[in-house]
Amino acid sequence: MRKPGILLLVLAMALAFAGCDQLKGAFQTSLGSTKTATTTTQTGQQTAQPVYGTVLAKVNGDTITLESFDEKVKNLQALSPEIKINTPEAKKSYLNDLITQELIYQDAKSRGIEKQKDVKDAVEEFRKGVMARQLIMDETKGITVEPSEIEAFYNQYKQAFASARQIRARQIVVAAEQPAKDILIQLLQGGDFAAIAKERSIDASASKGGDLGTINPAEQFDKFNEVVATLDAGETSPIFKGPKGYYIVKVEEVKGGQIPQLTDTLPDTNMTVYDQIKNGLLQQKQAQRIQDLTDRLRREAKIEIKEELLR
């Protein structure tokens, strides 16, 4: 059974699949199919020129080569990984879609649609886009990232790769400073934090022994987050002032916050920290190369703009 929807996808994305190396014939046939070229002799006879590649199909004389077919399969699956064209049946179905598109293209050409202004304009815009893309590929070819660059970036920004720190804590809140000092002395002498919280805290968490669960920093005030960030599991804070009075906090448990090594795999990906940094630095270098190119072209170009028309 043919997979539904592939034909529509092919027709909708045809321009996107034309390879940069097919500029010369990109607009002759659909999806880069190679049309058998003809030349006219002095006697008026037309002779067919050889087709380069293995002939896979012919549609009213237009040739689809095996090589161009394989390239289109590769491009299609790169753009839409969910589409699998890896069985004889799937390949036959896809080839049938290409033939259908070729027939539509040929009929459109026979009706003179290619001579319509909007079609000619669209083709010209596509041609410019393909050429610009190829120039960018040529300009960024050969750009590399050295291991030393990756290590330097990691050492400078490795904190950014740390997993989120999850903290479970308890708190005691009292209205005045002196009771807070008395409670802190009790705690330092071995008093049970949860029991004292139930007895002395004025916060709603008192009924749960001051248990706040896992802290959401967005729900706490700045001083609270600042103090908690300095504590390890099992540690109790000094007294600090907050919106409801005087606070004492105990961190019960800390999860996360570890900094991964360069060789560690990032969560929910198949990519290591090393690979992510390498890809990011490569994209940065490529972007800079293109920025330098466009800056130079603008400096050397004569550009005239009538901004008053942009109203």
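A short reminder: the numbers here are calculations on the coordinates, not readings from a lab. Because the structure is a prediction, the values reported are computed rather than measured. Here the Cβ positions follow ideal geometry from the backbone for every residue, glycine too, while neighbour counts run over all protein chains shown.
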| message | Run the reach check for K198 against lysines, Cα to Cα strictly under 22 Å, same-chain hits fewer than 8 apart removed. What comes back? | response | K181, K208, K241, K244, K250
| request: Evaluate the distance, in nm, between pseudo-label points positioned 7 Å from the Cα of L309 and of Q166 along their respective Cα→Cβ axes. | output: 6.0 nm
| message | Could you derive backbone 3J(HN,Hα) for the stretch 94-103 from the dihedral phi with the Karplus parameters 6.51, -1.76 and 1.60 (θ = phi - 60°), listing whole Hz in sequence and x where the residue is Gly or Pro? | response | 5, 4, 4, 5, 5, 5, 4, 5, 4, 4
| request: Report the full-extension gain for the segment K198 to D138: residue separation times 0.36 nm, less the Cα-Cα distance, to one decimal in nm. | output: 14.6 nm
| task | Describe numerically, in nm with one decimal, the distance between label points set 7 Å from Cα along Cα→Cβ at F240 and at A78. | result | 5.3 nm
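Assuming R0 = 51 Å, can you tell me the calculated FRET efficiency for the pair E300 and A229, based on Cβ-Cβ distance, to the nearest 0.05?
Working: r = 53 Å, r/R0 = 1.04.
Step by step, r from the Cβ atoms, then E = 0.45.
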| said: Can you tell me which lysines have their Cα less than 30 Å from the Cα of K120? Leave out same-chain residues fewer than eight positions away. | reply: K24, K35, K58, K72, K74, K109, K128, K302, K306
| message | Using amide H atoms built in the peptide plane, which far-off residues or other-chain residues are under 5 Å from G209 H to H? | response | K198
| When the Cα centres of the stretch 215-279 and the stretch 51-126 are compared, how far apart do they sit, in Å? | 55 Å
| query | Simple spin-label model, 7 Å along Cα-to-Cβ: K128 to Y274 in nm? | reply | 4.4 nm
| query | Based on the Cβ-Cβ distance of K255 and V119, what FRET efficiency does E = 1/(1 + (r/R0)^6) give at R0 = 45 Å, to the nearest 0.05? | reply | 0.15
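In the stretch 251-309, which trypsin sites (Lys or Arg not before Pro) are in a loop and have at most 14 other Cβ atoms within 10 Å, using DSSP for the loop call? All intermediate terms of the calculation are to be shown ahead of the outcome.
Numbers: sites: K255, K278, K285, R289, R296, R298, R299, K302, K306; in loops: K302, K306.
When the trypsin sites (Lys or Arg not before Pro) of the stretch 251-309 are filtered for loop state and at most 14 Cβ neighbours within 10 Å, K302, K306 remain.
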